[in-house]
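Remarks on the structure that follows.
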Amino acid sequence: MPGFTTHYGFPFPHMLTEVVDATNWKNLSEAIDVQMTNINTLANQVKFPNVITAVRASSLALTLNTLTDVTYTSTEFQNPAGMWTSGATITIPEAGIYYLSGFARVTSTTVTFNKILFTTTGTGLGTFGPPAAVNHSSSSSAGDWLTNATCLIPATSPNWTAKLQVLMNGTGSPNLTQAGLSIVRLSLI
Amino acid sequence: MELTPSQGLPFPSDEDFGNGALDLQFLAQTVDTKLFAKETALRSILYPPVKILGAAGTPNLSNGVQNLVTFSRIIQNRGFNPGTDMTLLQSGTYMMGVFIEAQCVGTVSANTVRGVSLSINLPIIPDPISGFVTQTATNSIVEPGTGNSLLTTQLIFDYQAVAGISPGTPVVNYFHTNTGSLMSVLNTSYIWLIKISELGS
């Protein structure tokens, strides 16, 4: 009658009634192999969390008083998990607690305030809050505006989406010159 | 019985009385224990303590003063006491932040300041009896109009657990200088606290 270890049930022969043979070694090795593979998977989840950095380096004309999606091209990414394919929307395939940071740089003649938003959609996020969003803004002046924002998102279901939006309020012809959105998973859920 | 130098896995020595089954059992149990410890450590990183509380919603906050915002709705709670208690139970490095969505009540004059502050009292280590320091993060904006106001701020701190000593309750204050209008903090606002690493070894 073989015995089994406490946590993973690794099999071993009874020390009085069984003689060790090749099958005993094979069974133990295979059982250890399975658990080592599982633990390697966990280690890779720790080492390689879902992460993306989307940076826009080319200009984008903004319409005053209108939220504008920041779009990207395939040459402007750190996108190891393929969470972006086109346009402005990033799709995160795994539930978890994520940290978002973004920035936008805008040139304009005169503005009264500016704003950047993280807009998210997904199952569970509706009960968490509105499109989770943050902003900074400033008083009236012309020039080169650099705005940044951060946010924490608890996504209880996979395949949620996020995008960065920019709003300029005032007069003139604002032009987005640089922008970026970074997302990293801090925790599974 | 001898042990491997790094992981301490057992194997029979030349002098051991031969019992292959017992040797295999020792090896199986040791590997089992070692792997379980590794899995536990990895899971503690993948599933760190986290607490997210939603605001109850606070209507008609006055202008020109710091308005205390309270959070009573539990959105996430792992590795903390039940309820709204945000006492840290593990040492480590934590990140904490607050998101405030507020709504104007009435017409607002242009260029109105709105701000949020987040602070927490951290005991002085290693002598928490002597007092605490208050860490604070703030963010403010200038925005006109009657739409919703969205603000975040955050801070990161180290906390070394000391038995019976709590870092205190986070405090969130909201401030605005509207003329002719009050502000309401909506229940979509939230505060969050998450462990992001162990303390350095």
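Each value in this text was obtained by applying a stated rule to the coordinates, not by laboratory testing. Quick caveat, the model's predicted, so the values are computed rather than measured. Positions of Cβ are backbone-derived with ideal geometry, glycine not excepted, and every protein chain shown enters the neighbour counts.
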Q: Calculate the spin-label point distance for B:F17 paired with A:S58, positioning each point 7 Å from the Cα along the beta-carbon direction, and give it in nanometres.
A: 8.0
Q: Per residue of A:173-183, count partner chain C-beta atoms within 10 Å of its C-beta, then hand back the mean as an integer.
A: 0
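Can you compute the FRET efficiency between A:A22 and A:F48 using 1/(1 + (r/R0)^6), with r the Cβ-Cβ distance and R0 = 45 Å? Round to the nearest 0.05. Intermediate results must be reported in sequence, preceding the final value.
Details: r = 37 Å, r/R0 = 0.83.
E(calc), rounded to 0.05, equals 0.75.
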Q: Choose one of A:S173, A:T121, A:T71: the residue whose Cα lies farthest towards the positive end of the charge dipole of chain A (beta-carbon charges +1 Lys, Arg; -1 Asp, Glu; about the Cα centre).
A: A:S173
Q: Report the full-extension gain for the segment B:D158 to B:Q103: residue separation times 0.36 nm, less the Cα-Cα distance, to one decimal in nm.
A: 16.4 nm
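For the pair B:F36 and B:L3, what calculated FRET efficiency results from E = 1/(1 + (r/R0)^6), where r is the Cβ-Cβ distance and R0 = 25 Å, to the nearest 0.05?
Once the sixth-power term is evaluated, E becomes 0.90.
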Q) Bin by bin, in steps of 10 Å, what percent of the Cα pairs in chain B do you find, going until the bin that has the longest distance? A) 8, 26, 22, 16, 11, 7, 5, 3, 1, 0
Q.
Given Cβ point charges of +1 (Lys, Arg) and -1 (Asp, Glu) and nothing else, what value in debye, to the nearest 20, does the dipole of the protein assembly as shown about its Cα centre take?
A. 1740
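Please report A:H7, B:H176 as a ranked list, fewest other C-beta atoms within 10 angstrom at the top and most at the bottom. Please list the in-between numbers first.
Details: A:H7 15, B:H176 24.
The fewest-first ordering by Cβ neighbours comes to A:H7, B:H176.
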Q: Identify which of B:V185, B:V172, B:V142 has the largest mean-square fluctuation in a Gaussian network model of chain B, with springs joining Cα atoms closer than 10 Å.
A: B:V142
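Exposure proxy check: B:K195, B:K38 ranked by fewest other beta carbons within 10 Å?
Working: B:K195 24, B:K38 15.
In increasing order of surrounding Cβ atoms, one gets B:K38, B:K195.
Is there a simple number for the mean count of other chain Cβ atoms within 10 Å of the Cβ of residues in B:30-43, and what is it? Don't skip to the answer; put the middle values down first.
Details: counts 1, 8, 11, 4, 0, 9, 6, 1, 5, 7, 1, 4, 9, 5.
Mean partner-chain Cβ count within 10 Å for B:30-43: 5.
Output the relative contact order of chain B, whole-number percent, from Cα pairs under 8 angstrom with separation of 6+ residues.
Relative contact order here is 31 percent.
Any idea what the dipole of chain B comes to, in debye rounded to 20, about its Cα centre with Lys/Arg Cβ at +1 and Asp/Glu Cβ at -1? Provide the component values of the computation, followed by the final result.
Values: 8 positive and 13 negative charges, 239 e Å.
Charge dipole of chain B: 1140 debye, to the nearest 20.
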Q. Under 5 Å between amide H atoms, partner at least 5 residues away or on a different chain: which partners does B:S189 have, H built in plane at 1.01 Å?
A. B:A55, B:E101
Q: For chain B, set up a Gaussian network in which alpha carbons nearer than 10 Å are linked by springs, and say which option among B:G20, B:G97, B:G168 fluctuates the most.
A: B:G20
Q) Taking chain B as a Gaussian network, where each spring joins two C-alpha atoms under 10 Å apart, which residue of B:A56, B:A28, B:A37 fluctuates the most? A) B:A28
Q) How long is region A:3-47 along each principal axis, judged by its Cα atoms, biggest number first, in Å? A) 44, 20, 8
**Q.** Label-to-label distance, nm, for residues given as A:N175 and B:T87 (7 Å Cα→Cβ offset)
**A.** 5.9
Q: Order by neighbour count: B:M1, B:M183, fewest other Cβ atoms within 10 Å first, most last.
A: B:M1, B:M183
